[in-house]
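Structure first, commentary second.
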Amino acid sequence: MTVSPGGDQADGSWAAGDRDQEQLSFSALLEDSVEDLYENAPCGYISTLMDGRIAKVNGTLLKWLGYRREELVGHKQFSDLLTIGGRLYHETHYSPLLRMQGEVSGIALELKAADGSRLPVLVTSTVKQDIDGEPLLIRTTLLDARDRRTYERELLRARQEAERDRERLQRLAATLQRTLLPPILQPVPGLDVSAHYHFASSDEVGGDFYDLFPPAAGRWAFFMGDVRGKGADAAVVTSLARYTLRAAAVSHPVPAMVLASLNTALSQASQEDEPRFCTVIFGLLTPQGEDGGFHVVMAGGGHPPAVLLRADGSADYVPTPGGQLVGVVPDAEFTTATVDLGPGDTLLLYTDGLTEARTPRTCERYGDEALLDFARTLAPVSAPGAVNALTELLDSFGEGLDDDTALLAMGVPSVSPRPG
């Protein structure tokens, strides 16, 4: 490195020059007169006698309002500078509060300028007292609130626009959700059917879905599913799952094959960064002749097991152990369970929003065991009775129910004894 002769001395001269300039600036600041600071302050100052008459006013406030000093001092009261509404508030609230407390701060008022225009201000007043504690005059500071008022208006406008956008989003979400659920459940001869859907959010489309339909004469199909995630992506998967299941049910009379078709469709639609999968239970109902009742074959793909509530008052799960999630792996395997529904029996399907809800007292998950205990207190029960009872249970969770929940119950009506 090359150092020029006298380099250190030059650096020292520059530093000394900076210090001298700083000292000059500081000295100039100290030379500001108190009167100049008062007159040209970035806020308005006004002093009034206790009866409100203006005794002193600074140049900033005079400039804001367009008055000459002699027009105000000794001739007008502070309330004369206010709008009608501001004057009323000053006389009924501001002035009495100031007399009681000796200070009032941050009050929004509007001043009336000489040309009739209005100036929004934030007002702070203090009462000056003599050595005996007697009030002498009122000192008031006024801050220009025009920028703040503009900001508040823009904020209000933005909030109103956001509320309108949210209402549009809610309508869109509700409309889309209705397209993913059957508008009504088709009546099945010899079977009572009831369903309920709880929306956890009015802003997002949920991923729970169900349906009941006749894929062929003399046979009825049903399914209950839950898609991963929420929102638009979940709606896409829900729509794909629902229509694939309906189409596959027409072609395949075996529930496990129907789930296999859905698994293939979801696997092909998945991408590395966007997996598409769901849990599903799919079943077929076949009437059992003149005695009434239905033969039910169900296949499970990672979905919570159905609950069978018997006419004899018992209740238990209908497990489909080992059934894999639908859409995760190309060669997923699904397990099958078979039950017979007789008079007075009800089959209940649900999504995990029910069992994963938190109870109000303990904030713990409701759980599978609690659901089974609850079902045993209901049995025997009709399909509408089961859904009504479970809907009340969902309502009892309050904020602990933070996920969408679907219920679907199918029951064979009880046989009334014939008169002897």
Among 109-122, 256-269, how do they line up by average Cβ neighbours within 10 Å per residue, starting with the highest?
256-269, 109-122
Sort the following peptides by mean Cβ neighbour count (other Cβ atoms within 10 Å, averaged over residues), highest first: 323-335, 88-100, 384-396, 274-286.
274-286, 323-335, 384-396, 88-100
Using per-residue counts of other Cβ atoms within 10 Å, averaged over each peptide, order 291-301, 245-255 from highest down.
291-301, 245-255
Accessible heavy-atom area order of LEU378, LEU136, highest first, probe of 1.4 Å:
LEU136, LEU378
What translational diffusion coefficient, in µm²/s and rounded to a whole number, does the Stokes-Einstein relation yield for the stretch 317-420 at 10 °C and a viscosity of 1.306 mPa s, taking the hydrodynamic radius as the Kirkwood radius over Cα pairs?
100
Just to verify a number: what accessible area does ASP402 come out at with the full protein assembly present, 1.4 Å probe, Å² rounded to tens?
100
Give the relative contact order (percent, whole number) for the stretch 80-159; include only Cα pairs under 8 Å separated by 6+ residues.
22
Eigenvalues of the alpha-carbon gyration tensor of the stretch 29-128, times 5 and square-rooted, give semi-axes in Å, largest first, of 22, 17, 13
Residue-level accessible surface for HIS75, protein heavy atoms, 1.4 Å, Å²:
140
Mean separation of Cα contacts under 8 Å (at least 6 apart) over the residue count of the stretch 248-308, i.e. the relative contact order in percent, is 30
Cα-based Rg of the stretch 53-108 per 2.2 N^0.38 Å, rounded to two decimals?
1.21
So what is the relative contact order for the stretch 314-420, in percent, with contacts set as C-alpha pairs under 8 Å and at least six apart?
37
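The values are calculated or read from the model by the stated rules, or taken from the named source; none is laboratory data. This is a predicted model, so every value here is computed, not measured. Methodologically, a virtual Cβ is constructed for each residue, glycine included, from the backbone with ideal geometry; neighbour enumeration extends over all protein chains shown. All accessible areas refer to the heavy atoms of the entire protein, side chains included, with ligands and DNA or RNA removed. Shrake-Rupley method; radii C 1.70, N 1.55, O 1.52, S 1.80 Å.
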